[in-house]
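See structure below.
The values are calculated or read from the model by the stated rules, or taken from the named source; none is laboratory data. Only a predicted model underlies this, so the values are computations on that prediction, with no experimental measurement involved. Note: ideal-geometry Cβ built from the backbone for every residue, glycine included; neighbour counts use all protein chains shown. SASA here: full protein model, heavy atoms, side chains in, ligands and nucleic acids out. Shrake-Rupley method; radii C 1.70, N 1.55, O 1.52, S 1.80 Å.
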Amino acid sequence: MACGYKHTTTIKTDGTLWTWGYNGSGTLGNGTITNYSSPIQIGSSTNWKQVSGGYYHTASIKTDGTLWTWGSNGSGQLGNGTVTDYSSPIQIGSIVTGKQIGRAHV
C-alpha cells in the first residue's frame, strides 16, 4: 500500500491494482479525472508488484520488472521525456530492470 498526496494505491494479493482519492491530474490511473472515495480497480492486469504514491502522481513496478507511471507530469516526474499528464499507466522505457520503488516525498 502507498499513500500519495490526497490519494491511496494498493496491490491486492492477487496482483490487481486498486486506488482511490483525488484524481484531478489522472493520479488514480483509471483514464479519468473523477475523484473516488472508494477503491476502484485499475485495468485488469494481475502482475503488479510494488507501488509508490507521489505528489499527484503514482509509480509502480510489475512482476516482470517493467516500470509504469501516471498522473501529474508538469515537472517531468513520470520519466517519459514529456511534461504531459497521463490518466492511465504508461510504461517507462523498454528495459526490464525495475527492482524497487522508493517512497516519493510529498
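Within the stretch 79-102, identify whether any single residue is surrounded by 15 or more Cβ atoms within 10 Å (Cβ to Cβ), touching a strand residue (DSSP E or B) at 6+ places or on another chain (Cβ under 9 Å) and on the phi > 0 side of the Ramachandran plot, and answer yes or no.
No, the stretch 79-102 contains no residue that is surrounded by 15 or more Cβ atoms within 10 Å (Cβ to Cβ), touching a strand residue (DSSP E or B) at 6+ places or on another chain (Cβ under 9 Å) and on the phi > 0 side of the Ramachandran plot.
So for the stretch 18-38 (the condition being among the β-branched types (Val, Ile, Thr), open to solvent by less than 20 Å² (accessible area, probe 1.4 Å) and more than 10 Å from the chain's Cα centre (by Cα)), does at least one residue qualify?
Within the stretch 18-38, the subset among the β-branched types (Val, Ile, Thr) is 19, 27, 32-34.
Keeping just the survivors that are open to solvent by less than 20 Å² (accessible area, probe 1.4 Å) gives 19, 27.
Checking which are more than 10 Å from the chain's Cα centre (by Cα) leaves us with none.
Within the stretch 18-38, none of the residues are among the β-branched types (Val, Ile, Thr), open to solvent by less than 20 Å² (accessible area, probe 1.4 Å) and more than 10 Å from the chain's Cα centre (by Cα).
Does the stretch 63-78 hold any residues that are in contact with a strand residue (DSSP E or B) (Cβ under 6 Å, 6 or more places away or on another chain) and buried (at least 16 other Cβ atoms within 10 Å of the Cβ), and which are they? Can you show your working first?
Step one: list which residues in the stretch 63-78 are in contact with a strand residue (DSSP E or B) (Cβ under 6 Å, 6 or more places away or on another chain), which gives 63, 66-72, 77-78.
If the condition is that a residue be in contact with a strand residue (DSSP E or B) (Cβ under 6 Å, 6 or more places away or on another chain) and buried (at least 16 other Cβ atoms within 10 Å of the Cβ), then Thr66, Leu67, Trp68, Thr69, Trp70, Gly71, Ser72, Gln77, Leu78 are the ones that fit.
Which of the numbered conditions does Ile92 fail, given that it passes all the others? Conditions: (1) within 14 Å of Thr9 (Cα to Cα); (2) without any contact (Cβ under 8 Å) to a residue 40 or more places away in the chain.
Exception for Ile92: condition (1).
Kindly check whether there is at least one residue in the stretch 46-54 that is under 12 Å from the mean Cα position of the chain (by Cα), modelled with pLDDT of 95 or more and among the aromatic types (Phe, Trp, Tyr).
yes
Report the residue count in the stretch 1-17 for those that are open to solvent by less than 20 Å² (accessible area, probe 1.4 Å), in a strand (DSSP E or B) and hydroxyl-bearing (Ser, Thr, Tyr). I'd like the intermediate steps shown before the answer.
In the first step, residues of the stretch 1-17 are kept if they are open to solvent by less than 20 Å² (accessible area, probe 1.4 Å); the result is 2, 4, 7, 9, 15-17.
Restricting the remaining residues to those that are in a strand (DSSP E or B) gives 2, 7, 9, 17.
Filter once more, so that each one left must be hydroxyl-bearing (Ser, Thr, Tyr): 9.
Looking only at that region, the number is 1.
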